[in-house]
1. Tell me the mean residue ellipticity at 222 nm calculated for the chain from its helices only (DSSP H runs of n ≥ 4, each -39500 (n - 2.57), averaged over every residue, nearest 500).
2. Between helix 123-132 and the chain, what is the angle of the helix's C-alpha long axis to the longest principal axis, kept within 0 to 90° and rounded to the nearest 10?
3. Counting alpha carbon pairs within less than 8 Å and at least 6 residues apart, what relative contact order, in whole percent, applies to region 318-457?
4. With no solvent and one point per C-alpha, what does the Debye sum give as log10 I(q)/I(0) for region 197-352 at q = 0.18 Å⁻¹?
5. Label region 21-62 by shape, choosing from rounded, prolate and oblate, from the square roots a ≥ b ≥ c of the eigenvalues of the Cα gyration tensor; if a/c is under 1.5 it is rounded, and otherwise prolate applies when a/b is larger than b/c, oblate when it is not.
6. By counting other Cβ atoms within 10 Å of each Cβ, how are 196, 298 ranked from fewest to most?
7. Please determine, in degrees from 0 to 90 and to the nearest 10, the orientation of helix 55-67 with respect to the longest principal axis defined by the Cα atoms of the chain, where the helix direction is its Cα long axis.
8. Could you grab the relative contact order for the chain? Cα pairs under 8 Å, six or more apart, rounded to a whole percent.
Ligand code: N7H
């Protein structure tokens, strides 16, 4: 007798209980503060200064910028609509080409011309606006206790010491400037689209009259998605796979706990307290804004390749690629080593969406690997509760800069990542991740050492650059350790606040003073 098919339990529904982003929030939160961020092939960061004595004029121009139609500063809604439009246009093009009998491989949809912009301020920039307009009350005193790192700035001794950052004299001249008040982050489909959008915003903000370049040298930093390896950063790995998801704009993450479904207050400033610090005090206008950490991180690709080439056999890895994957936690395709232990998968498309894994005592992913140091993906016993891990959540929307490395050790070029991440609280997120996890050799296990990709160590007492020490298990489960000079070097950066678009009109912006009747006589 044939048995009836077994009755299977339906899969448990994916529940995301976090509050949904409202239409008002989609219209006022700036559009890069999202997993997908601005669609882009090219991106320019322009750092500006509000001219001394010109903050009132700047505020007036800011209001003009905020209220222009069509908007020059993009909201989340605009970024989402752009992504949808691009997908639709691609689909339309592919369908039309297929109907003409063109094989799929030969179909290359044209790039949709698009540009988007974000504006952000340093604490010095907010202070400049406040000081010049006594009638404004930005409530900045309130944030000194809650957001001390933002108020101090990335170049302050306190922040640099916390992060083991190099001395500012080793930074690019632009970031040694003490006059960085604001940032325009412009992303687009082509350098021309980006340039045009930047110029229009500079004209609106009266460049030369109300604002000026933050440094006497070039005040722009330019990045692009690598033409031959779109999506991959310079060490050759697919980036931007694992990102937090917000209810109301992303589909829920079906992965088991701890998954990437993330409460709004961890990524944007809301009226909720996300911090352990219960006494969070921020003025109401900051709600729906987010803190942006920008770091220009130079990557020594020759050193990375040399390290894995020299040591993979000695450290009992199966291949040079496997050693790289042990350092990163993912193979170059993006496939996690937690799931694919011995070799990369032939299906990188599948691997790309494969964020559905957790670690455990037997995981093949070393606890020192970059992605395991920066996202623990397991409930921790001891003193780091799961909630602590969640509070480090950040949206990463960086872009590579510099020419591709072609295998000549001293090729005279520099390259790296323009790292940008958004979060609701810098101390809980970026700072905790970098200082207490990646730089901390005893986190989570004293045997495994530093994060080999972004770990930073202070110089020795004789002023010599420090070395990273990182360990992983070889194929025979023996502990293997490598020691090397850091592969990534900070060339400068800054902390910014990205206000909601509504705050650009009030209180940061203001109306032009009413002009009285003309006194001019004919
Ligand atoms: Fe990292 N890389 O391209 O090699 N990073 N990162 N990162 N990073 C990740 O999973 C890289 C940096 C995080 O949820 C991947 O999306 C490089 C800083 C976090 O599983 C790759 C640099 C900080 C994750 C890289 C750099 C972080 C992550 C895998 C510097 C924060 C998600 C792709 C030059 C302090 C972890 C992915 C998760 C993933 C690279 C910097 C954080 C390939 C080259 C400074 C949270």
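1. For the chain, the value works out to -7000 deg cm²/dmol.
2. Tilt of helix 123-132: around 10 degrees.
3. 21
4. Computed log10 I(q)/I(0) values: -1.19.
5. Judged from the Cα gyration tensor, region 21-62 comes out oblate (a/c at least 1.5, b/c at or above a/b).
6. 196, 298
7. 70
8. Relative contact order comes out at 23 percent.
Every read-out reported here was derived from the displayed coordinates using simple, explicitly stated rules and does not represent laboratory data. All of these numbers come straight from a predicted model, not from anything done at the bench. All Cβ positions, even for glycine, are placed from backbone atoms using ideal geometry, and neighbour counts span all protein chains on display.
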